[in-house]
Every structure is written in C-alpha cells, then in structure tokens.
Number of protein chains: 2
Amino acid sequence: MIASKGYAAQGPTTNLAPWNFERREVGAHDVQIEIQFCGVCHSDLHQIKNDWFPGIFPMVPGHEIVGKIIKVGSESKKFKIGDLAGVGCLVDSCRTCENCQEGLEQYCLNHNVGTYNSKGKDGLPTYGGYSNNIVVHEDFALRISNKLSLAAVAPLLCAGITTYSPLRYWKVGKGHKLAVLGLGGLGHMAVKFGVSFGAEVTVLSTSPSKEKEAKALGAHKFVVTSDPAQIAAVKGSFDFILDTVSAEHDMNMYLSLLRTNGTHIIVGAPSDPHSISAFSLLGGRKSLAGSGIGGLPETQEMLDYCAEHNILSDIEIIDIKDIHKSYERMLKGDVRYRFVIDIATL
Amino acid sequence: MIASKGYAAQGPTTNLAPWNFERREVGAHDVQIEIQFCGVCHSDLHQIKNDWFPGIFPMVPGHEIVGKIIKVGSESKKFKIGDLAGVGCLVDSCRTCENCQEGLEQYCLNHNVGTYNSKGKDGLPTYGGYSNNIVVHEDFALRISNKLSLAAVAPLLCAGITTYSPLRYWKVGKGHKLAVLGLGGLGHMAVKFGVSFGAEVTVLSTSPSKEKEAKALGAHKFVVTSDPAQIAAVKGSFDFILDTVSAEHDMNMYLSLLRTNGTHIIVGAPSDPHSISAFSLLGGRKSLAGSGIGGLPETQEMLDYCAEHNILSDIEIIDIKDIHKSYERMLKGDVRYRFVIDIATL
C-alpha cells in the first residue's frame, strides 16, 4: 500500500483536517499521479455535509485533480513518467454496459465509481484530490497539454466538462441564443465555451455587479433577473438556458424566457425538487433537461479543445489550510471563479 | 348574422343547456360548416368549470368538429359546397409571427384564437362545436377524406393531433421503445400512431383490466404501474414516454423508466405543478418536454396520414342530451375511448 496524506472530514459535522491514509499499490493498468492542484467544487461541500446522501467517512474530497505521473503499471501504455495528467469525477465504471461502451461512463448502468465518497470494485472507499497522490486506472486518467497553466486546468475536470458536454450534446453554436444562469465556477466556463462555440451568450444573474465581469469573460449580454423590465425584454428569446444554479429558483419564470422549442438544461442539483407547471412546457414545446458531467472520451476532447483554443478556468489559488474560509467565500459567491488548492501547501 | 343553436354553459357552476346564439356572416375567406359530429374532450369540462383560467360565458364547448361545407366566401377557394371539413382547437392566429409563418399556429406569439372560450380578432367570443354550425376562415378548416367514418374522425382534431405532433417532432419510430401513459382519448390515439410509426409500444396503466384492450389497439406490451415488480422490470428501458395524464402523478418514478437520453413528453395538464427532482434528469441526460396540439399544416398531414392508413378514433356516439352523463363516465375512465356527439340530436 502507498502511504498518503490529505485533508479529510471524519464525519458530516466535523471540519476537514490533515489525515494519513493508504492508496492501493499501482496495478498493471494503473498510474500514480503526484497531485499538484485540486479544484474546489461546490459538490465537495454538499458531500461532506451529507446534503445529497449519507457519505462515506473519513472523506477526502476533490475531483478536479491535476498533477504529474510518477509511476506507471507494468501493462500501462498511455502515459510515461513525468507526463501531466488529470482525474475528474470518475475513477472507474463497469466498462461493459451500453453507456460505458459508448464512452458515457457518467451514465454507467451498473454504478460508476466516484473519485471520492464512493467504493471501488475492490469494495474499498475512494479518496479524492485534497491529497498528495492518487492511483487510478490509466483509462480514467486524462492527458493534459503542457501548453496550459496547470492550476487553471484543474477546474476543467468538473466545471469544464459539466458545461462543455451539454453544449456539445445539444449542438449549441452559431445562430443560437444561449443564456447562462448563474456566474460561478460552472457558469463562467459555460460562458467561455458558449462564446467559443459561436453562440450569442447572455448571462442571467441576480447581481448587477457581475455585468462587467460577465462581459470580460466574453458574454455578449447581461440581464439582471431581479429587474422585471430586463426580464420582460428577454421573454421567449433564448434557444437554450444552461442552468448552473444549485440553490432553489423559479423554474417557470426561466422557462418563459425560452423561445418555441427551447431547452432549459440543468447541471446543478438543488436538494429540493423543482416545481414545474405543465403549461410552462406545453406552451411552446419546451424541454427541461438534465446533464451530468461527461464521459471519458468527451472529457479528453474538452481538454484538447481547451488546449487548442486556450480556454482555462479563472482561478484563485489557495493554501489547503484556508479550505474552510474558501468554502465560506464560495457560499457567498465571493470567488472569481474557482478556488484551486495548491497541494504543495499540504 | 347567422342564427345558430347549441349547448352552452351559462357559468362555471351551471350545467350545459340548449342556447340560441349568432355566428358572424360568412366573410370573403370564410366557410360555413354544418356540424355533424363533435368529439368530447376532457378540456371541455376543464374549461366550463374554470379549472385552468376564468372562462368566457356563455360557453359553447367543442373543438373536435366535423361536418359538411354549406357556404363558401366569395374569395374562398379551398372548399366547395358539400365537401367534408373539420375544425380543431384553433380558428385563427396572428398569421405573421415566426411561428405562424412556420405553420406552428398553436404556438402563435401574439395569441391564437381558440375555437371556443376565446375572443376573435373582432373582439367577439368564439363558440365551439356543441352546435349546429360554425363559420371559420378557410385556412383554419381542414380537408377530410370521405373514405373515413366521419364521426370517428372528429377526435383526430384534438386527441389525434395532440399525440401525432410530438411523435413526429421527436421522430419516434422504428427502433424506439415508446411508453404511453394513460389509455384514454389521447392515449389510445398515441398507441395507434406509435404502432403505425414502427415503435415498440408499451401501455402504462393503473388498471390491469385495460391490458386486453391495449393489446387490441396494437400495443405490444402492457405494464400495471401499481405493481412494483412490473415497474422494476421496465426501469431505464423507454426512449420516450408520451404522458397523456392530466391528473397528478409521480413524475420522478416515470422518469426513472426512461433510458439514457430519453424524453418524457407531457401533453396533459394537471392543475397543480409537477415536482421534479434534478437528479431524475441529471442521471441519464433525460428531458421532460411539453407539446401542445399541432399547427394547421401538421393537422392536415395527420388527417391525410389517417386516411391513408385507416387510422380512426374508437368512439361511442352520444345524444347531446346525455352530455353530463358522458362527462361523469369520462371522469371515471368509462369510455372506449372518446365520446362523440351526434349533432343531429341537438
């Protein structure tokens, strides 16, 4: 076993604190990554607090992992020592169901294995990227171009793919009006991808103060959702809304902003169910859809696209000792736009 | 003005009763139809009871209208006297918005004119098909083949197009597993169209007693939704669910029956909003969509398709004096599958 160290929550009411644990030995098809940076995702906080389901503790969060290959298994051919590599939300899946066969491991029909707060096929808990290393099957490690700033790549592994995937699946691009709801870690990536794909991008936000930043990210328009006049002006106008908000919000109002045949795509998950009037969908053949992260082939495609088009997350690098302060700021929306832990501070 | 007679509700708490009223004179582009049959739609009852919104009274319901052309306007070229013709849910629209231009009059951006419980461009209330005649712009009258039994054509004008349109829009056909939820006026048409388009059709119903009838309509499979074992067996299996139920039902359970990328299409409208968990959509990139009736070109296409493939509604012809008895039976699901008023009994 490989002695490892990280930050773990011992239970849903405790804070994260240093913790020593063991990783499995590097198997024939595994690689070991020395973690250099790990992004801080809102779902890290949801999971250590048991917001969605009872978690597995001790829990080492983190699924926006980037670093350097330091060991490769005897049969592993994808990487060589010294290569940059990343790990996102998944570290395994059944590999055999029709979704896995199509590269949709995020929708594995036999339960995929999350990077943390999950159990591997060996029955042992998985531990995430708030740690100094990770051992993972090479198929679940992504290649990362060394053209890009590594720390700013980390959030692509979750925030990036979660917004890239639906925009690609629904073929959002030239001629489309795309609204991005919520300008956080996911939202700011949605703006960058939407603009890059050729859509006219409008940011919908409760904070008038975010207009300047939204435009700086490339957004063409900005709408303050608390201003009835601004909302009235965009009724029935969007082909797509990409909804990154994981707090409760009035879906029927947002559905009214879609044009005929429009699609409202949710990638965030509030704890409580949405309340949807049938008339909000019937009156204009509208759809409410969901999309969860992305599969391995598409995640690699996204990373390659980002390298080619120089798309990165806007980040603030933090010391791991400041993780709780960062969570507090994240909850207040006080981050532009993703905290990334410098694992050297561990 | 044209002296007309029909059955009207004088208010939301009164029963329907005979009522004399006037239709407008036949304008240059109008036709006058002597109504022979009119289907009884659940929405007739919703509207005379003010279930959805405050209605316009006196109200003459009915939007599944078939009959014979008895007068044509001076500029009207589409019909000649004696032709069969039908009128569905719409009698006018703005004609100029992008949706009207595309033949999506049901989604007119400037308010279309309903066949009853609506106001025409002249500001006068519209009256539906529980009456002896109707005057309508020729563009909103549909051609009906005389190959088909006229009474059984009537329900195609609402129940038919409401199910035909989404199945066409989402290209449901060969290789797809389609579930039809609810086996009433809409549901039985959905089964016929789904089978005709080549899909494998499963009827989902609370009533085990409907299995034989469902199969007789052409359904390949039948699932009793109150039986956990039968539900478990179809989890994650349908490409599409066409949901014709307008009473409250557990949407998250039904969403779990969709396979990855599946779409649950609602065409019924319960008074209360649906409660939708984000996870029901995220976990499998699923969509919840709505579809409302159909536009004029597609309604004509549907009628022509039905003539070519001999598709009709299964009906029970009633005397208009039995309309309230029929509503009661409809509410109990005691109709196979649509009541149609013989207007000769008026």
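Just a few scattered comments:
- Residue that is least open to solvent (accessible area, probe 1.4 Å) [pool: residues in segment A:93-107 that are out of contact with any helix residue (DSSP H, G or I) (no Cβ under 6 Å at 6 or more places or on another chain) and charged (D, E, K, R)]: A:95
- Inter-residue pairs, beta-carbon under 6 Å, first farther than 20 Å from residue B:344 by Cα and in the same structural domain as residue B:153 (by TED's automatic domain parsing) and in segment B:22-42, second among the hydroxyl-bearing types (Ser, Thr, Tyr) and surrounded by fewer than 18 Cβ atoms within 10 Å (Cβ to Cβ), 6+ apart: B:28/B:74
- For segment B:129-159, filtering for residues that are over 16 Å from residue B:30 (Cα atoms) and part of a loop (DSSP other than H, G, I, E, B) leaves 10.
- Some residue of segment B:85-105 being in the same structural domain as residue B:325 (by TED's automatic domain parsing), under 23 Å from residue B:340 (Cα atoms) and in contact with a Pro (Cβ under 9 Å, 6 or more places away or on another chain): no
- Here residue A:300 clears all of (1) in contact with a strand residue (DSSP E or B) (Cβ under 8 Å, 6 or more places away or on another chain); (2) buried (at least 21 other Cβ atoms within 10 Å of the Cβ); (3) closer than 26 Å to residue A:105 by Cβ except the condition numbered (2).
- Failed item, numbered, when residue B:289 is tested on (1) within 8 Å of chain A (Cβ to nearest Cβ); (2) surrounded by fewer than 16 Cβ atoms within 10 Å (Cβ to Cβ): (2)
- Failed criterion for residue B:240 (all others in (1) open to solvent by less than 30 Å² (accessible area, probe 1.4 Å); (2) over 30 Å from residue B:29 (Cα atoms); (3) in contact with an Asp or Glu (Cβ under 9 Å, 6 or more places away or on another chain); (4) in contact (Cβ under 8 Å) with a residue 60 or more places away in the chain hold): (3)
- Failed criterion for residue A:64 (all others in (1) crowded, with 18+ Cβ neighbours inside 10 Å; (2) within 14 Å of chain B (Cβ to nearest Cβ); (3) touching a helix residue (DSSP H, G or I) at 6+ places or on another chain (Cβ under 7 Å) hold): (2)
- When residue A:153 is tested against (1) modelled with pLDDT of 95 or more; (2) over 15 Å from the mean Cα position of the chain (by Cα), exactly one condition is not met: (2).
- Taking the listed residues B:117, B:110, the one that is open to solvent by 70 Å² or more (accessible area, probe 1.4 Å) and in a loop (DSSP other than H, G, I, E, B) is B:110, with no other qualifying.
- Evaluation of residue B:29 against (1) farther than 14 Å from residue B:117 by Cβ; (2) open to solvent by 30 Å² or more (accessible area, probe 1.4 Å); (3) out of contact with any strand residue (DSSP E or B) (no Cβ under 7 Å at 6 or more places or on another chain) (one fails), failing number: (3)
- Residue match in segment A:10-23 (condition: farther than 19 Å from residue A:130 by Cα and either among the charged types (D, E, K, R) or surrounded by fewer than 19 Cβ atoms within 10 Å (Cβ to Cβ) (or both)): no
- Residue selected from segment B:192-209 under the condition crowded, with 21+ Cβ neighbours inside 10 Å and out of contact with any strand residue (DSSP E or B) (no Cβ under 6 Å at 6 or more places or on another chain), by the criterion nearest to residue B:180 (Cα to Cα): B:205
- Applying the set (1) farther than 25 Å from residue B:318 by Cβ; (2) in contact (Cβ under 8 Å) with a residue 12 or more places away in the chain; (3) open to solvent by 10 Å² or more (accessible area, probe 1.4 Å) to residue B:148 leaves exactly one unmet item: (1).
- Sole residue being more than 7 Å from chain A (Cβ to nearest Cβ), closer than 15 Å to residue B:154 by Cα and buried (at least 19 other Cβ atoms within 10 Å of the Cβ), chosen from B:313, B:280: B:313
- So residue B:53, is it among the aromatic types (Phe, Trp, Tyr), free of Cβ contacts under 8 Å to residues at least 12 places away in the same chain and open to solvent by 50 Å² or more (accessible area, probe 1.4 Å): yes
- As a summary of the residue check, residue A:85 satisfies the conditions (1) closer than 16 Å to residue A:300 by Cβ; (2) within 14 Å of another protein chain (Cβ to nearest Cβ) except for the one numbered (2).
- When we screen A:293, A:320 for residues that are of a type in the set (A, V, I, L, M, F, W, C), at pLDDT 95 or above and more than 22 Å from residue B:284 (Cβ to Cβ), the only hit is A:320.
- Members of segment B:247-277 that are at the interface with chain A (Cβ under 8 Å from one of its Cβ atoms) and polar (S, T, N, Q): B:252, B:260, B:263, B:275, B:277
- Failed item in (1) open to solvent by 60 Å² or more (accessible area, probe 1.4 Å); (2) under 25 Å from residue B:172 (Cα atoms); (3) not hydrophobic (A, V, I, L, M, F, W, C), with residue B:328 passing the rest: (2)
The values are calculated or read from the model by the stated rules, or taken from the named source; none is laboratory data. Note that the structure is predicted; figures quoted are calculated from it, not measured. Quick reminder, even Gly has a Cβ in these numbers, built from the backbone with ideal geometry, and neighbours come from all protein chains shown. Ligands, DNA and RNA are excluded from the accessible area calculation, which covers all protein heavy atoms including side chains. Shrake-Rupley method; radii C 1.70, N 1.55, O 1.52, S 1.80 Å.
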